[in-house]
Every structure is written in structure tokens, then in C-alpha cells.
1. Under a 5 Å amide H to amide H cut-off, with H placed in plane at 1.01 Å, what residues pair with residue 105 once short-range neighbours are removed?
2. Largest first and in whole Å, what are the equivalent-ellipsoid semi-axes of the chain based on the Cα gyration tensor, each being the root of 5 times an eigenvalue?
3. With the dipole of the chain worked out from charges on the C-beta (+1 for Lys and Arg, -1 for Asp and Glu) around the Cα centre, which of 110, 66, 166 lies farthest toward the positive end?
4. Charges at C-beta only: +1 for Lys and Arg, -1 for Asp and Glu. How large is the resulting dipole of the chain about its Cα centre, in Debye rounded to 20?
5. Please rank 142, 80, fewest neighbouring Cβ atoms within 10 Å first, as an exposure proxy.
6. Shape of segment 77-127 from its Cα gyration tensor (a ≥ b ≥ c, root eigenvalues): rounded if a/c is under 1.5, otherwise prolate when a/b > b/c, or oblate?
7. For segment 175-265, report the convex hull volume of the alpha-carbon atoms normalised per residue, in Å³, without decimals.
8. Considering only C-alpha atoms, what is the centroid distance from segment 162-222 to segment 77-112, in Å?
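Every number in this text was worked out from the coordinates using simple rules, so none of it is lab data. Note that the structure is a prediction, hence the values are computed from the model and not measured. Neighbour counts run over all protein chains shown; Cβ positions are idealised from the backbone, glycine included.
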Amino acid sequence: MRIGIVQMRPRFGAVQENTEHVVAMLAQGRSDLWVLPELFATGYQFKSKEEVRSFAEPVPAGPTTTRLIDAARNLDAFICAGLPELAGDKVYNSAVLVGPDGVIARYRKVHLFSHEKELFSPGDLPFPVADIGLAKVGMMICFDHFFPEAARTLALSGAQVIAHPANLVMPVYAQLTMRVRALENGVFTATANRVGEEARTETTLRFTGNSQIISPGGNILVSLSPTEERAAVAEIDPSMASNKALNPLNDRFTDRRPEFYQLLESS
Ligand code: ACM
């Protein structure tokens, strides 16, 4: 199976232009599963709740999801992408997983970063794992990388590949943590980060690129630069992620001792 990541520089607010730009990038490569950044079509730095609401779209009926399904059909591929989701009176920082036949899974970001807490409602759905036939794919978004429970929950739910749309702005922490998330859970991870800057408020945000695909052994299969727009693909064997053994006597999952982790359930 091939998995691909798209590193891009969206123009804030130019939803259709950014979407068509990405679709054109996808058409130049070949992958079974593409991962796009968080909020890939809108940009990131919204000034207010009202502004983010004006860009938010219902899932699956909204134009961005509809266009992604159309692209998935044309490319015979699956696409995971971040977008602001409108659901009743709430707006979530969401990701969708779409295929040729429509939306397969949806995720609403659980761990909101910084000013996102003023703009979005926190996620209210479980971490999703979807079987796309070639692999079981889980989703988490950007800052979720800081919480090992997110990737662990996905892996325990059967994910072989974790799709990780991102808009990373801190020092390259996620490039470190996601290697550990892959290694400790024995899964592939695909982090699609964006590049460029946004300075729509008093804070200038610099997005760090360095998108990467990591193997269940924690090895870097693909690593992109901090600045360039690029799509890149890795050939993987998802069944590698079904073997959690480290040696004949140690297994990342069966060696766990949940009875000693009870504090995690309540605090
Ligand atoms: C982030 O969660 N966008 C840093």
C-alpha cells in the first residue's frame, strides 16, 4: 500500500483555490491514502468565532467534503483532510476520511491548542478507526500528538496507520513525539503539516513543515523540508503494524499492565 502526505501553503480564506491546488498536487502522484494538513483549505488563524463559523461546513454535505470525495473517486484513493465543521450551533476543528463512495470516518479534535479554545468546540466523538480495505486507519489532529493517550487509544482500537493532519507552530516537537507514538504503539504515522506564515492578529504564526511518515519501528520513511510545498509517498506493509512484539518475550500490547494505570481513567 502507498501512503502520501501533502505539505502545502494555503492562502487564508481562499477555500476553493486551496482545494483545487491540493487536488492538482494529488493528481501528480499516486497513493492509496493521502493525508492533508489540518484546516487545509481555509488557513488557520481565524480572528473570531464568527469568522470561523462563516467558513465552517457541514459534513458530509459541505462543498469541501464533496470535492474531496469527487477527487477520491477520480484518483481511486482515500483522503484524510482537516476542515472546520459546522454541526448545529457548534464549530469543530475536524478531519474527514473520504473514499470514492463518500465519507468513511469523521474526527473532531479533542485537544484544542491555544486560541483554538476560543474558536472551536472541543471534540465530542471517540477517536475513530476505519477499515479502508488496505489498512485500518485512525485519525488524530495536530496537538493531539502531545497526549500519548490519543495515539494509544487509536492503536488499541486497531489502527495500523495514524493519519495526522497538522498545523504545527511550536518548535519541532511533533516530529519527535510522533516517532515515539509510532514506536510505542507499533503503528505507521503520517503527519501532514503546512508551511508558510499567517499574521492576521497581533501574533505571527510560522508553520514548521517537516511533515513525515514514520514506520512501526520509529524509523523515518519520509521527511519533508521546513518550507517547501510538496507531496511525498511511501510504500508500506500495514500488516507490520499488527505485530506488536519487540522480541520473543516482550510485546507492546500484551505486556501492558492496565491495572497499574487506573489513575489515567479518572484524572
Ligand atoms: C495545533 O494543534 N494546530 C498546534
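1. Distant-sequence amide H within range of residue 105: 97.
2. For the chain, the ellipsoid semi-axes come out as 28, 21, 18 Å.
3. The residue sitting most towards the positive pole is 166.
4. Details: 26 positive and 30 negative charges, 52 e Å.
Approximately 240 debye in magnitude.
5. 142, 80
6. Working: a/c = 2.37, a/b = 2.04, b/c = 1.16.
Judged from the Cα gyration tensor, segment 77-127 comes out prolate (a/c at least 1.5, a/b above b/c).
7. 136 Å³
8. Distance between centres, Cα-based: 19 Å.
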